[in-house]
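> Here's a structure for you.
Nothing in this text is a laboratory measurement; each read-out follows from the coordinates by a stated rule. Treat the numbers as computed from the prediction; the structure is a model and nothing was measured. Using ideal geometry, Cβ is built from the backbone for each residue, glycine included, and neighbour counts are taken over all protein chains shown.
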Amino acid sequence: MSESRIDFQPISRVLVANRGEIAVRVIRACREMGLGTVAVCSEADRQAPHARLADQVVVIGPAEPSESYLRQDRILEAAQATDADAIHPGYGFLAENAAFARACAEHGIRFIGPSAEVIEQMGEKTAARAIMEKAGVPVVPGALLPEPDEGGVFPADEVRDIAVQVGYPLMVKAAFGGGGKGMRLVQDPEDILDACQGAWREARSAFGNGTVYLEKFIEKPRHVEFQIFGDGWGNQVHLFERECSIQRRHQKIIEETPSPALSPELREKMGAAAVAAARAVDYQGAGTVEFLLGADGGFYFLEMNTRLQVEHPVTELITGIDLVRTQIQVAEGRPLPWRQEEITAQGHAIECRIYAEDPENNFMPSLGQILLLHEPSGPGVRIDSGIEEGDEVSIYYDPMIAKLSVHAGSRQNALDRAVAALKDYAVLGVTTNVEYLMAILQHGAFADGRLHTGFLYENLPDWRSQRSEDGDLALAISAVDEHARQSRGKAREIHGAGTPARSGTCWGTLGRFRVNGLD
Amino acid sequence: MFLEFLTDDTTVPVQVNPDGQDWRLEIDGQVVPLQAVRSRDGSWLVETHQGRRRLFVASRGDERLVFCDGKVHTLRLRDPEHEDEDIAAAGGPHLVADMPGKVVAVPVETGQIVKVGHTVLIIESMKMETELAAPVAGTVATIHVSPGQVVGMGDPLLDITPDVEE
């Protein structure tokens with residue numbers, strides 16, 4: 001395990017095959033390291049922050065991801081045209097696409113992530129389970145289903161028998177899935193066949209493969225995952241856990257570390273299991289081992305994500321480690337800069353995902369232009385954002401527009417900090433979940449750390465905004481604002497077409513002038 | 001200056017005038033003095049009996065959006081010339097697409113009796129399936145779409161004739 005398998009080869013220019021906040025995050029790390037950066041963007045994203053931040057940008061196709069951010073050929077072409085020697089895939093899009101990792105290698109470009117083989121093994125959930133079971137990592141009891149016919153109709157008797165063996169309640173899951181797609185909870189044996197068919201259909205349209213399996217449903221589980229890291233020198237470590245139990249439709253909304261549920265003993269046990277999982281596939285790069293944690297302290301391997309996670313900032317905040325920088329260093333063939341016992345954690349960190357969606361209307365994505373954006377700031381407040389004022393939130397991309405992460409000395413202090421920051425997070429133009437996030441954080445059960453993946457359904461069903469409390473104030477200020485707006489308009493009419501002259505600068509007296517031939 | 005705002009389907013007349021450094025408002029006939037100053041970042045600082053509050057205002061057409069302490073308020077500046085269109089948009093017992101997507105399945109038939117919450121349509125948007133439930137108990141009157149069909153925002157999907165309470 002300890003002999004070198006990778007030669008050290010420095011990276012000089014990184015192409016970031018992504019958009020939004022994660023592309024911005026990666027480009028920033030590259031700039032700090034003195035590396036050249038190449039952004040790729042769709043035609044809709046020419047003005048997007050990530051496209052502006054990089055040294056170079058290549059437009060790779062129309063707005064539809066399938067015609068741009070998922071076009072492996074165009075991304076590889078862009079890398080070659082710009083002389084990039086590495087590609088960072090971010091998360092989503094091509095991050096867990098083994099064929100892409102392989103194509104990168106074939107083009108002599110380093111893929112910043114694990115090997116294509118590992119991506120493949122871990123992407124196939126049933127294969128991943130088998131590997132983990134063999135490595136002694138506990139897994140949830142489950143079973144594969146027989147093939148359905150062309151319409152997704154499963155052999156009824158056989159499926160019912162398998163389901164009884166697994167035991168109700170159970171989950172129907174897509175073997176090639178992720179992000180909650182192609183998943184169904186079945187409580188009542190009556191619903192099993194419909195659920196299988198529904199999951200099959202959704203999985204087939206989302207992932208191009210409808211294979212589904214059954215898994216025992218752990219009641220009121222927590223979602224606790226471990227950040228792992230491996231290098232090409234046989235080292236594998238974990239960087240503690242993240243609790244991501246606050247989910248809606250299996251989409252994480254709030255993540256924190258440390259988990260309020262873990263004793264030092266349990267943390268050590270789960271950490272050791274996570275490292276065992278990483279060792280089982282000789283993992284290289286940043287990855288995440290997801291566990292379900294039962295109320296009895298039993299934990300089960302859920303899946304392994306072979307990429308940087310959305311929620312990686314909370315780990316960075318408590319460990320002080322830059323995960324993206326380390327990813328690049330490992331891709332260069334360097335050994336991990338720390339041993340397990342050198343990795344320490346301080347304080348508590350919470351991340352809130354800001355979604356352009358309407359919590360009062362079935363969480364439908366909210367599309368449109370960001371008319372106003374004012375982000376919070378202050379000690380221990382980190383914003384990872386992929387949008388700016390004037391940007392358009394479109395149907396084509398994920399409705400997550402930004403992440404707010406806070407770090408403080410204790411969980412309660414971090415909670416207070418997150419609420420205060422959200423109170424100051426003004427987004428106008430699209431509806432966001434900011435007030436909903438505040439309601440979650442301020443819920444008594446959250447403060448008590450009584451979390452489980454059904455938390456939102458149990459504690460905040462049919463949530464409604466409390467905006468009416470300030471309705472009169474909003475009305476009054478709208479009237480005042482309108483008066484000010486119309487007065488300004490009149491003032492402009494009186495003073496003629498130009499903007500009013502300001503004293504103290506030369507701009508007011510220069511009149512019209514030209515820069516680079518433009519007015 | 002006289003303005004009319006539409007908030008939660010109620011029209012509120014507002015008279016607003018500067019009053020020295022402050023403002024004098026008459027909201028729905030009630031006099032409200034207001035101390036409000038616009039700061040350089042575009043926010044309004046308002047003195048209230050609960051202390052100073054900071055608000056942001058943005059506008060889009062006749063829409064006025066106000067942010068205050070994590071909450072967003074949407075108001076409409078009423079333009080008396082275009083009143084009726086809003087009322088028509090409010091909708092009745094028919095379902096329209098909230099966002100673009102694809103119809104996956106229509107598990108009901110015309111003439112079928114449905115209860116509140118009965119799944120009448122399955123739509124896929126952004127690769128997620130959403131089950132649309134009947135908002136009222138009644139009879140499926142018209143189905144405007146079929147499986148596989150792509151729908152745009154605001155497209156009519158399905159009409160339900162509500163049961164008459166006896």
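> Starting from the Cα-Cα distance between A:D472 and A:R28, subtract it from 0.36 nm times their residue separation and give me the gain in nm to one decimal. Write out the running numbers ahead of the final one.
Details: separation 444, 0.36 × 444 = 159.84 nm, distance 4.31 nm.
Result: 155.5 nm gained on full extension.
> Let's test the formula: R0 of 35 Å, r as the Cβ-Cβ distance of A:S377 and A:D55. What FRET efficiency results, to the nearest 0.05? Could you put the intermediate results ahead of the total?
On the way: r = 27 Å, r/R0 = 0.77.
Computed FRET efficiency for A:S377 and A:D55 comes out at 0.85.
> Then there's this: Rounded to the nearest 0.05, what FRET efficiency do A:D73 and B:V31 have when you use their Cβ-Cβ distance and R0 = 60 Å? List each step's numbers first, then the result.
Working: r = 68 Å, r/R0 = 1.14.
In this case the efficiency is close to 0.30.
> Each label point is 7 Å from the Cα along the Cα-to-Cβ direction; what then is the distance between the points at A:A143 and A:D462, in nm?
With each label point 7 Å from Cα toward Cβ, the separation is 3.9 nm.
> From other protein chains only, count the Cβ atoms within 10 Å of every residue's Cβ in A:462-475, then give the mean. Don't skip to the answer; put the middle values down first.
Values: counts 0, 0, 0, 4, 3, 8, 4, 3, 9, 8, 6, 12, 14, 13.
Mean number of neighbouring Cβ atoms from other chains: 6.
> I need two numbers for the protein assembly as shown: Rg to one decimal and Dmax as a whole number, Cα atoms only, in Å.
27.4, 86
> For chain B, what is the mean residue ellipticity at 222 nm derived from helices alone (per DSSP H run of n ≥ 4: -39500 (n - 2.57); sum divided by total residues; nearest 500 deg cm²/dmol)? Please list the in-between numbers first.
Values: 1 runs with 6 residues, N = 166.
Rounded to the nearest 500, it is -1000 deg cm²/dmol.
> Pull out the extension gain between A:E392 and A:D448, defined as 0.36 nm times the separation in residues minus the alpha carbon to alpha carbon distance; nm, one decimal.
Values: separation 56, 0.36 × 56 = 20.16 nm, distance 3.83 nm.
Gain in length upon complete extension: 16.3 nm.
> Using a Gaussian network model of chain B whose springs link C-alpha atoms within less than 10 Å, name the residue from B:Q50, B:Q112, B:Q15 with the highest mean-square fluctuation.
Comparing B:Q50, B:Q112, B:Q15 in the GNM, the peak value goes to B:Q50.
> Give the relative contact order (percent, whole number) for segment A:23-177; include only Cα pairs under 8 Å separated by 6+ residues. Display every interim value, and only then the final one.
Numbers: 165 pairs, mean separation 20.2, N = 155.
About 13 percent, as a whole number.
> Given only helices, namely DSSP H runs of n ≥ 4 each adding -39500 (n - 2.57), what is the per-residue ellipticity at 222 nm of chain A, to the nearest 500 deg cm²/dmol?
When only DSSP H runs of four or more count, the value is -10000 deg cm²/dmol.
> Continuing with the same structure: Hey, in the GNM for chain B with a 10 angstrom Cα cutoff, which one of B:G154, B:G51, B:G101 fluctuates hardest?
B:G51
> Hey, which lysines would be in cross-link range of A:K216, C-alpha to C-alpha under 28 Å, not counting anything within fewer than 8 residues on its own chain?
A:K125, A:K134, A:K173, A:K181, A:K252, A:K269, B:K127
> Antiparallel DSSP bridges in the protein assembly as shown: what percent, to the nearest 5? Show your work: numbers first, answer last.
Working: 124 of 139 bridges.
Roughly 90 percent of the DSSP beta bridges within the protein assembly as shown come out antiparallel.
> Shifting gears a bit: Of the listed peptides A:42-49, B:42-49, what is their order by residue-averaged count of other C-beta atoms within 10 Å, with the highest listed first?
Taking the mean over residues of other Cβ atoms within 10 Å, the ranking is A:42-49, B:42-49.
> Quick check on segment A:19-84: take the gyration tensor over C-alpha atoms, sort the square-rooted eigenvalues as a ≥ b ≥ c, and tell me if it's rounded (a/c under 1.5), prolate or oblate. Could the numbers behind the result be given before it?
Working: a/c = 2.11, a/b = 1.36, b/c = 1.55.
Judged from the Cα gyration tensor, segment A:19-84 comes out oblate (a/c at least 1.5, b/c at or above a/b).
> Here's a follow-up. Using a 10 Å cut-off on Cβ to Cβ distances, tally the other chain neighbours for every residue of B:52-65 and report the average as a whole number.
Numbers: counts 0, 3, 4, 9, 9, 11, 11, 7, 5, 0, 0, 3, 9, 10.
Across the residues of B:52-65, the mean count of other-chain Cβ atoms within 10 Å is 6.
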